[in-house]
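Undergrad: Dropping the structure in here first, questions after.
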Amino acid sequence: MISQEKIAEIRNRASIVEVVSDYVTLKKAGRNHMGLCPFHAEKSPSFTVSEEKGIYHCFGCHTGGSVFHFLMQYDHLSFPEAVEGVAKRYGIAIERSERAGASKEFGERENLYRVNEQAAANYQEMLFTHAEGRRALDYLKARGVDEATARKYLLGYAPQGGSGLLALMKKENVSLNDALRLGLIGQRGPQQFHEKFFARVMFPIVNPAGKVVGFGGRVLDQGMPKYLNSIETPLFHKGSTLYGLYQAKEGIRQADRVLVVEGYLDTIALAQFGVAYSVATLGTALTVEHVRALSRYTKNIIALFDGDDAGLKAAARSFEIFIEAGMFGRAAFLPKGEDPDTFIRAKGKTALEAILDQAVPLADYYFSWLEQRHGKSLEGKSQIAGEISRLMAKVTNPFEVDLLARRAVDMLGIREELLRRPAMTAGLRAAPSPSRQAAPSSPENRDDVAERSLVSLMLRVPAVLERFARDGESRQWFSAKWRQFVDEIIAEWQELGNIDVAKLTQKLPPALASECAALALEGENLSDSECAKMASDCLAYLRRKHVKVLGRDLRTAIRVAEEQKDEQAKKERMLEWQDLLRKERQLERPGLEPKITIR
C-alpha cells in the first residue's frame, strides 16, 4: 500500500495544471485556469483548475477533485493507479512494497504501454540502422519527411524478415501474451510466434498523455492492405483515437483551432510546413468520439475534404457527426485532385491557411447540399424536411434546435412546429419527471443552501472554520448529509491548523470529493465583509431551524409522557421546553446572532 507520506510528496510535487494540460487546453483566468470540460460536450468553458488549491471542478457536469481524481475519471483508474501515474510523470520512485496496493488492472495497462514503447523504439532503430531501413528512409525522403520530423513522430520500420521484436521481448523478459494482446505478434501454434508487421513504415500512435497505444504500418510498394493498423486493445480504440494529437496539442492551443485530415503523412507534412494544429483519423470516417475528444482542446474544429464528389458527400455526412457531439464545426475543401500532403508541398502554408480561413460552417454547407441533392420541388422540400427533422431529434442543446429549425423554415417555408415535433418528443423522453424535481423554494432546499454556503466558507475563510472548531454545538445544526463533510474539515483543521483541499478530497467518496472542489472554488471574489455577513446569516438561520426541530421533538415527548402518565418525564421535558423557548426569544433579539469577524 502506498504510504500517506508518499502520496503527499507526489501531490505536492505535481502541478495539476501541467497534468490536466496533457488532456485539456487551459487558459489563465484570474487566479485559476479554465478550459472545455473533457467529461461532457460544451462550447463555453466551465472546467476550472486551481493550481493554488490543487483541485479542478466542472460547473457544468459537476465533476471535480484532486489531480488523482482527474486521472481516475479520465483514464478509468483506481486511486493507487492514478497516484502511480502522477509519480511516474514527475520521476518519483515508488518502492515495490508500496506498489502492492496498486490494482492488477493498472499493472497490466502499464505493462502493455511498456511493450508498445519498446516496440516503437525497436522499429525506429530499424529505420535508422538496419540495412533495409535505407529503403524506408528513401521513401520518407521522397515524401518530403525530414529526419527531425521522423524522430518527432517516432517513425520506424519493420523489415521484410522481421525487426527482431521476439528476440528483444525475450531479452527484456516481456510477456509474449502482452504482445499478442497488442497485435504486435501472432501465433500459429504452441510456442510458434511471428511478427505481425513486416516490410512497412511504422507510425506509432500516441495518446494525449504521450504514451504509445498502437501502430499503423504502410507498405512501400503496391501491396495490400496499403495501411495496417493495430487491432483493438485495452489501450487502442480506432474510432476514438486521433493520430498526431499529442504532437499537435501546443499548436492547437496557440492557434485555437484544429484541422482534421485523413492520413498519417498528411498530418506529418502539414506539421513540417508549419501547420502545427493538424490531426488525422485512422483510416475511418470522423466519429462522434473524435469530435468530442477534439472539443476538449478547442471549439474551432475544421474538417478538410477533397473537392471531388466523395469529399462533398463526406462533408455533408460529417455535419450529423458534429451535431451528435454537440458541435457545429466547419468544412474546408481542397482543389480536385489534391490532398493535404501534395497541396502544402506545392503551394505552401499560406495558400493552405487561406483555404482554412474561408472554411464554411457545416450547417450552411449541409443545407445547401440537401437543396442540391433533393431540389426545390414540393417532393424535394418534403424529403429535405424529413432529413432535417430526423437530425433535430438527435440534438440535445435547445439553442441548436432553435437555430436549425429557423434556418429550415426560411429555406423550406413550412410550419416550424412540424419540424420541431420529433425534437420535442425526444426532449420529453429525456426530461426528468416533474414530480422528481425539487421545488427551488422548498424549506429543505433553503436548509441545504445555508449548509452548503457555510461549508464553502469553512473551506475558504479561516475565521469561519476557526469559529466552528471552537464550538462543538454548531455541528448539530447540520443535516446528516453535510455532517460527515464538516467533521472531516474540522479534523483536518485541528490536525494541521489549515485546510489542504486536495488532501481533503482524497478522504471523501467521489461525489463528496467533487462537491468539496466546487465549494472551495465558489465565491472566491467575495470580499471579507461579504463573507462575514454570509456566514453570520447562515449560522443564524441554521440555529433557528435547529431550535425549532428541538421544540417539535420536545412537544412530542411531552405528549407521549402525558399518554403514559409519566409525570417525572413530563416535568423534565416541560423544563427543557421552557429553556428552549427562552433561547428562541433570545434569537429574535437583535445583536444576539452568531457573528463572524474576519481579520
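The values are calculated or read from the model by the stated rules, or taken from the named source; none is laboratory data. Quantities reported herein were computed from a predicted structural model and do not represent experimental measurements. Cβ coordinates were reconstructed from backbone atoms using ideal geometry, including for glycine residues, and neighbour counts include every protein chain displayed.
Undergrad: Quick one: is ILE355 under 22 Å from VAL291 (Cα atoms), of a type outside the set (Lys, Arg) and part of a helix (DSSP H, G or I)?
TA: Yes; evaluated as a whole, the condition is true for this residue.
Undergrad: Hey, among GLU488, GLU473, GLU563, GLU567, which residue is at pLDDT below 80 and either within 30 Å of LEU77 (Cα to Cα) or out of contact with any Asp or Glu (no Cβ under 7 Å at 6 or more places or on another chain) (or both)?
TA: Checking each option against the conditions leaves just GLU473.
Undergrad: Which of the residues belonging to the stretch 370-412 are of a type in the set (Asp, Glu) and modelled with pLDDT of 75 or more?
TA: GLU371, GLU379, GLU387
Undergrad: I would also like to ask the following. Starting from the stretch 59-82, keep only residues that are under 20 Å from ILE94 (Cα atoms), then list their pairs with residues that are among the polar types (S, T, N, Q) and buried (at least 21 other Cβ atoms within 10 Å of the Cβ) whose Cβ atoms are within a distance under 6 Å, requiring at least 6 positions of separation or different chains.
TA: Pairs that qualify, where the first residue is under 20 Å from ILE94 (Cα atoms) and the partner is among the polar types (S, T, N, Q) and buried (at least 21 other Cβ atoms within 10 Å of the Cβ), are SER66/THR505.
Undergrad: Another one. Does GLY337 qualify as being more than 17 Å from ALA280 (Cβ to Cβ) and not assigned by TED's automatic domain parsing to the domain that holds MET392?
TA: yes
Undergrad: Kindly indicate the residue of the stretch 232-279 that is of a type in the set (S, T, N, Q) and over 16 Å from TYR153 (Cβ atoms) and also modelled with the lowest pLDDT among those meeting that condition.
TA: GLN254
Undergrad: Going through the stretch 42-69 one residue at a time, which ones are under 14 Å from LEU508 (Cβ atoms) and not small (Gly, Ala, Ser)?
TA: ILE55, HIS57, THR63, PHE68, HIS69
Undergrad: I would also like to ask the following. Conditions: (1) modelled with pLDDT under 80; (2) closer than 15 Å to ILE489 by Cβ. ALA532 meets all but one. Number of the miss?
TA: (2)
Undergrad: Would you mind telling me which numbered condition in (1) under 13 Å from ARG460 (Cα atoms); (2) loosely packed, with under 14 Cβ neighbours inside 10 Å LEU521 fails?
TA: The failed condition is (2).
Undergrad: If you scan the stretch 212-224, which residues turn out to be part of a loop (DSSP other than H, G, I, E, B) and either of a type in the set (D, E, K, R) or closer than 19 Å to TYR243 by Cα (or both)?
TA: Within the stretch 212-224, ASP221 is the sole residue that qualifies.
Undergrad: For the structure I just gave you, tell me whether GLU84 is part of a helix (DSSP H, G or I) and either out of contact with any His (no Cβ under 7 Å at 6 or more places or on another chain) or not β-branched (Val, Ile, Thr) (or both).
TA: Judged against the criteria, GLU84 is a match.
Undergrad: Being touching a strand residue (DSSP E or B) at 6+ places or on another chain (Cβ under 8 Å) and part of a loop (DSSP other than H, G, I, E, B) is the filter here, so list the residues in the stretch 53-65 that pass it.
TA: Result: GLY54, PHE59, GLY60, THR63.
Undergrad: Tell me which residues, restricted to the stretch 534-573, are surrounded by 15 or more Cβ atoms within 10 Å (Cβ to Cβ) and of a type in the set (S, T, N, Q).
TA: Within the stretch 534-573, just SER536 meets the criteria.
Undergrad: Taking the options ALA315, ALA271, name whichever one is touching a residue at least 60 places away in the same chain (Cβ under 8 Å) and aliphatic (A, V, I, L, M).
TA: ALA271
Undergrad: Checking PHE68 against (1) touching a Ser or Thr at 6+ places or on another chain (Cβ under 7 Å); (2) of a type in the set (Phe, Trp, Tyr); (3) not in a strand (DSSP E or B), only one condition comes out false. Which one?
TA: It fails just one condition, (1).
Undergrad: Considering only the stretch 111-161, state which residues are surrounded by fewer than 17 Cβ atoms within 10 Å (Cβ to Cβ), among the aliphatic types (A, V, I, L, M) and under 18 Å from ILE185 (Cα atoms).
TA: Result: ALA121, single match.
Undergrad: State which residue pairs qualify: first residue not assigned by TED's automatic domain parsing to the domain that holds ILE268 and inside the stretch 133-160, second residue of a type in the set (D, E, K, R) and not in a helix (DSSP H, G or I) in any location, beta carbons under 6 Å apart, and separation of 6 or more residues or different chains.
TA: Partner pairs satisfying both residue conditions: ALA158/ARG200; PRO159/GLU132.
Undergrad: Please verify whether the stretch 8-29 includes one or more residues that are assigned to a strand (DSSP E or B), among the charged types (D, E, K, R), out of contact with any helix residue (DSSP H, G or I) (no Cβ under 6 Å at 6 or more places or on another chain) and in the same structural domain as ALA93 (by TED's automatic domain parsing).
TA: Taking every residue of the stretch 8-29 in turn, at least one turns out to be assigned to a strand (DSSP E or B), among the charged types (D, E, K, R), out of contact with any helix residue (DSSP H, G or I) (no Cβ under 6 Å at 6 or more places or on another chain) and in the same structural domain as ALA93 (by TED's automatic domain parsing).
Each row is one residue, and each column tells you yes or no for (1) at pLDDT 90 or above; (2) of a type in the set (D, E, K, R); (3) touching a helix residue (DSSP H, G or I) at 6+ places or on another chain (Cβ under 7 Å).
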{"residue": "ASN300", "(1), (2), (3)": "yes, no, no"}
{"residue": "GLY307", "(1), (2), (3)": "no, no, no"}
{"residue": "GLU324", "(1), (2), (3)": "no, yes, yes"}
{"residue": "ALA331", "(1), (2), (3)": "yes, no, yes"}
{"residue": "LYS336", "(1), (2), (3)": "no, yes, no"}
{"residue": "LYS347", "(1), (2), (3)": "yes, yes, no"}
{"residue": "ASP357", "(1), (2), (3)": "yes, yes, no"}
{"residue": "SER368", "(1), (2), (3)": "no, no, no"}
